[in-house]
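S.K.: Sending over a structure as structure tokens; questions will come in a sec.
The values are calculated or read from the model by the stated rules, or taken from the named source; none is laboratory data. Note that the structure is a prediction, hence the values are computed from the model and not measured. Cβ placement follows ideal geometry from the backbone for every residue including glycine, while neighbour counts extend to all protein chains displayed.
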């Protein structure tokens, strides 16, 4: 059942999309903002534009208790019971299909960093996330471009500080931790500023 539902999601099955309605999942926008474009005030990330396979993987991680259980991860702890309330794989599939209806907006930059240094720091990231930050489903690496920069900064801190990627079942999260561990606070800002440089037109950046 899980395999067939995942396949339907990845091929954009119309039946699942039709079943995913605001009446059932409209509460997602209460935290994640209009059309799921993020809400910095409560640190709820942008969902719009994320591929179905990644949304599904993160909901499964929250449901399984791999993510959002660290005491210091307040936004994650708010999300974990929401995901856990998804009754089964079919309901989760409808939630993913609903997220796929969101229209993404280009995020504004909220950080200022050294993009030249960030480009050097990004080199190891490219092996999984791609030289253009577009992600790679085969290795479970999401796109970085197009995401809110404050969220990317927060997640690098979470990986580095052991708030994410520590559960034995979270192999992909565990693979991310050594890369984050190599970054101090300034380096995190610089590498995310470089991601912004790949994402945003100059007028929207704060590093110039």
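S.K.: Filter segment 30-43 down to the residues that are surrounded by fewer than 22 Cβ atoms within 10 Å (Cβ to Cβ) and outside any loop (DSSP other than H, G, I, E, B) and list them by number. Lay out the reasoning, then the answer.
M.R.: First, the residues of segment 30-43 that are surrounded by fewer than 22 Cβ atoms within 10 Å (Cβ to Cβ): 30-32, 34-35, 37, 39-43.
Those that are surrounded by fewer than 22 Cβ atoms within 10 Å (Cβ to Cβ) and outside any loop (DSSP other than H, G, I, E, B): 30, 31, 32, 34, 35, 39, 40, 41, 42.
S.K.: All but one of (1) in the same structural domain as residue 188 (by TED's automatic domain parsing); (2) farther than 21 Å from residue 181 by Cα; (3) under 15 Å from the mean Cα position of the chain (by Cα) hold for residue 138; state the number of the condition that does not hold.
M.R.: Of everything listed in (1) in the same structural domain as residue 188 (by TED's automatic domain parsing); (2) farther than 21 Å from residue 181 by Cα; (3) under 15 Å from the mean Cα position of the chain (by Cα), residue 138 misses just condition (3).
S.K.: So is residue 136 touching a helix residue (DSSP H, G or I) at 6+ places or on another chain (Cβ under 8 Å) and surrounded by fewer than 20 Cβ atoms within 10 Å (Cβ to Cβ) or not?
M.R.: yes
S.K.: Quick check: anything in segment 137-152 in a loop (DSSP other than H, G, I, E, B) and farther than 18 Å from residue 45 by Cβ?
M.R.: Quick first cut of segment 137-152, residues in a loop (DSSP other than H, G, I, E, B) only: 140, 142-148.
Next, from what is left, pick out any that are farther than 18 Å from residue 45 by Cβ: none.
No, there is no match, as no residue in segment 137-152 is in a loop (DSSP other than H, G, I, E, B) and farther than 18 Å from residue 45 by Cβ.
S.K.: Hey, residue 70 hits all of (1) outside the structural domain of residue 178 (by TED's automatic domain parsing); (2) within 17 Å of the chain's Cα centre (by Cα) but one; which does it fall short on?
M.R.: The one condition residue 70 does not meet is (2).
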